[in-house]
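In what follows, a structure is listed as structure tokens, so that the remarks can point back to it.
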Amino acid sequence: MSFRKIAGAIAVAGALVAGGAMSGQAATLDDVKAAGTLKCGINTGLPGFAYTDDAGNWTGFDVAYCRAMAAAVLGDANAISFVNLTGKTRFPALASGEIDVLSRNTTWTFSRDVDLGFTFIGVSYYDGQGFIGRTALGIGSATELDGASVCIQTGTTTELNLADFFRVNGISYEPVPIETNAEARAAYEAERCDVYTTDASGLAATRTTFEDPSQHMVFPEIVSKEPLGPLVRQGDDQWADIARWTLNALITAEELGVTQANVAEMANGTDHPEINRMLGSEGSLGEMLGLDAQWAVRAIAAEGNYAEIFDRYIGKDSPLALGRGLNALYTDGGILYSPPFR
Amino acid sequence: MTKYAFHRSRAEMLPERAPPLTSTGVIGWVRTNLFSSWLSAVLTVASIAVLALVLPGLIEWAFIDATLTGELGKDCPSEGACWAWLDQRITQFFYGFYPVESYWRVNVCLALLVPALAYMLFDKLPYARYGRWYSLAYPVIAAILLVGGLGLEVIRTDQFGGFMLNLIAGLVGIVLSLPIGILLALGRRSRMPIVRWFSVSFIEFIRGVPLITLLFVAIILLPLFLPPQVTLDQLIRVMIIITLFASAYMAEVIRGGLQAIPNGQYEAGQAMGLGYWQSMRLIILPQALKISIPGIVNTFIGLFKDTTLVIIIGLFDILGQARLLQTNPDWLGKVDYETFLLAALFFFVICFSMSRYSLNLEKRLDTTRR
């Protein structure tokens, strides 16, 4: 029995229990306000996405979303209890109500959305599986990898995607199964495999750690879609709306030029009607969500808009230096697109 | 005519002479310990060769080429170890996410632990009578200091971490698993069917299931079946599971000791009119436990290392902190070996002390006259 099925069974059992216990009062918002902290599920450590600073505070791309949401709901970006979850514990933790929102580089898939009983509220990072190899191999494309040895992390979707890719292209490969990302990196550096495959964000991060990054190239082929995003339990639409529009507010803020620095000033009113609606100086969008008018102001003030968060933790201002790629706004050639605030 | 003695004799003893050079001092030690036979001579030479091969490189990497200061991973050139993170991060490796302003509570706790342990482990200490009572009270004092209460600010257990977490979980497990293990071992040998049946099924169930499975059940499944109002602290759940797991193994270790006691000892107890518990306490267990010391300490050491599994409930013990630093973008790929080495060093110190203490205890309790 695969882990996915077990997780599914557990999550269903959890949903039943939770449904039985909480029928009629599915208001996560009230629970969060009563508790005074947002219980946010994050990774146990992933470069750029969730890690600790020197003072021991959680920080990173996924963590920033938690902070924005805590600021929007509770008015305090630090009113969070972080729950660190592994790939195995994340879904049961969300199903059982141990966390209010899961922001842990989780791929939005059909079965997770439908079968496990969760609601994905959007995509915060478009990732995809890629390959890294030595330039000395003399090839420019992953389709030329016939007979290559490939380092992969076992038990992940990357393993399945890899098999699919090679089958579709009719080429053969020799898998070198590895337990963790750090080991895979070490194995690749020790030339135990020709190429190493994982999500493109991870590859780019890995590449920066090599002694001479220019000797390694990430092949242009992306062999899977990995839209990563936050998710909540199914059945509490108000809470899902808050989570969804917090993310949308960060994206829209980038689009409209609202930044951490100028958001307080813009909240007093501008001559741009959508900014005014989002930041609460016009209309009553906040009340519709069950929050106050200033919710988006606080969400953006917490860590900045999407671009600021991206650049700070995984983008050009961070050691990982990932490019925006697909994650650029639709106006800049990416596919990041928020529905309007109206 | 002078009368000669029929035999030759000495009037006084010859002065003692030093033993031959080859059996004393450095040469003697080397001869008896390193070159006592062909096999050990070969092994000695081989070991020296291996050390000569490995050590210079290791020392060069860990000390000579090492980078000691720096703010970020890129301050570390790639040859040589990178220790620049130590000064910023060593507190997290030890205290985890425990609030900085409350570090003193952990420190006081540790300082108080020294006498508490000493009174449990060594006799012939002054004020031993009061000391033992103090040792018994120590867990309560420590719990209040660490978690809070009685005027101290409450600190949630998910803020525990680092080596302190290993120590807490390990000590609790060690202190509790021995008595539970003794009871289970006695239960398994009991003539009362229910007690025996319970002990056997408990021991066999726990030993038949991997620890990580039990942990997952306690952490993931339990909250699904308990009503949402009932919350049992995650750390406590893990400590209970680790303790029960160690207890089952402990029971079998002690049962081995009990079986080594000849029947005559049991009969002697009965002949003296001692009840079951009296004869166990006064006659059987002291002998059985003494025999079992190596096995018991073995289980303790295993338990202590199992405390690293707290990572699956999202707590960061010293190993978790090591992995965490490895994922920090500033240090990515620079500190993989260094952080694990530090964690290994901490574990080695504790586990090695445990093993030395058990050797010492065995010698102290040795009643055979050799």
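Inside segment A:121-177, residues that are among the hydrophobic types (A, V, I, L, M, F, W, C), under 30 Å from A:ALA68 (Cα atoms) and surrounded by fewer than 18 Cβ atoms within 10 Å (Cβ to Cβ) make up a count of 0. The residues of segment A:204-224 that are within 14 Å of chain B (Cβ to nearest Cβ), surrounded by fewer than 23 Cβ atoms within 10 Å (Cβ to Cβ) and not basic (Lys, Arg), listed by number, are A:ALA204, A:THR208, A:THR209, A:PHE210, A:GLU211, A:ASP212, A:PRO213, A:GLN215, A:HIS216. One residue stands out in segment B:78-133 among those that are small (Gly, Ala, Ser) and out of contact with any helix residue (DSSP H, G or I) (no Cβ under 8 Å at 6 or more places or on another chain): the one that is farthest from B:ARG156 (Cα to Cα), namely B:SER78.
Across segment B:208-231, the qualifying residues are those that are surrounded by 13 or more Cβ atoms within 10 Å (Cβ to Cβ) and not aliphatic (A, V, I, L, M), and the one among them that is farthest from B:GLN278 (Cα to Cα) is B:PRO228. The C-beta contact set for segment B:57-84 (first residue within 14 Å of another protein chain (Cβ to nearest Cβ), second residue among the hydroxyl-bearing types (Ser, Thr, Tyr), distance under 6 angstrom, 6+ apart or interchain) comprises B:CYS76/B:THR67; B:CYS82/B:THR67; B:ALA84/B:THR67; B:ALA84/B:THR69. For segment A:58-76, which positions are within 14 Å of chain B (Cβ to nearest Cβ) and among the β-branched types (Val, Ile, Thr)? Answer for segment A:58-76, where residues must be within 14 Å of chain B (Cβ to nearest Cβ) and among the β-branched types (Val, Ile, Thr): A:THR59, A:VAL63. Could you tell me whether segment A:312-325 includes any residue that is closer than 29 Å to A:GLU221 by Cβ, in the same structural domain as A:ILE121 (by TED's automatic domain parsing), among the aromatic types (Phe, Trp, Tyr) and modelled with pLDDT of 95 or more? Looking for residues that are closer than 29 Å to A:GLU221 by Cβ, in the same structural domain as A:ILE121 (by TED's automatic domain parsing), among the aromatic types (Phe, Trp, Tyr) and modelled with pLDDT of 95 or more, one finds none in segment A:312-325, hence no.
When you look at B:ALA116, is it in a helix (DSSP H, G or I), out of contact with any Asp or Glu (no Cβ under 6 Å at 6 or more places or on another chain) and within 30 Å of B:LEU171 (Cβ to Cβ), yes or no? Yes, satisfied.
Just for segment B:85-106: of the residues that are among the aromatic types (Phe, Trp, Tyr), farther than 13 Å from B:VAL335 by Cβ and within 11 Å of chain A (Cβ to nearest Cβ), which one is nearest to the chain's Cα centre (by Cα)? Looking at residues that are among the aromatic types (Phe, Trp, Tyr), farther than 13 Å from B:VAL335 by Cβ and within 11 Å of chain A (Cβ to nearest Cβ), I get B:TYR95. Checked against (1) under 19 Å from A:GLU183 (Cβ atoms); (2) at pLDDT below 90; (3) more than 14 Å from every other protein chain (Cβ to nearest Cβ), B:ARG370 passes all but condition (1). Among the residues that make up segment A:37-45, is at least one of them over 18 Å from A:ASN78 (Cβ atoms), at pLDDT 85 or above and part of a loop (DSSP other than H, G, I, E, B)? Yes, segment A:37-45 contains a residue that is over 18 Å from A:ASN78 (Cβ atoms), at pLDDT 85 or above and part of a loop (DSSP other than H, G, I, E, B). Note on segment A:46-57: among residues that are in contact (Cβ under 8 Å) with a residue 12 or more places away in the chain and in a strand (DSSP E or B), the one that is farthest from the other protein chains (Cβ to nearest Cβ) is A:ALA50. Within segment A:193-204, being assigned to a helix (DSSP H, G or I) and under 24 Å from B:SER78 (Cα atoms) holds for A:SER201, A:GLY202, A:LEU203, A:ALA204.
When B:ARG196, B:ARG156, B:ARG191, B:ARG132 are screened for being in contact (Cβ under 8 Å) with a residue 12 or more places away in the chain and charged (D, E, K, R), only B:ARG132 passes.
Residues in segment A:31-45 that are under 19 Å from A:ALA95 (Cβ atoms) and free of Cβ contacts under 8 Å to residues at least 40 places away in the same chain: A:ALA35 alone. When restricted to residues that are more than 8 Å from every other protein chain (Cβ to nearest Cβ) and either within 16 Å of the chain's Cα centre (by Cα) or in contact (Cβ under 8 Å) with a residue 60 or more places away in the chain (or both), segment B:293-324 contains 22.
The values are calculated or read from the model by the stated rules, or taken from the named source; none is laboratory data. Because the structure is predicted, anything quoted here is derived from the model rather than measured. No Cβ is skipped: glycine too gets one built from the backbone with ideal geometry, and neighbour counts run over all protein chains shown.
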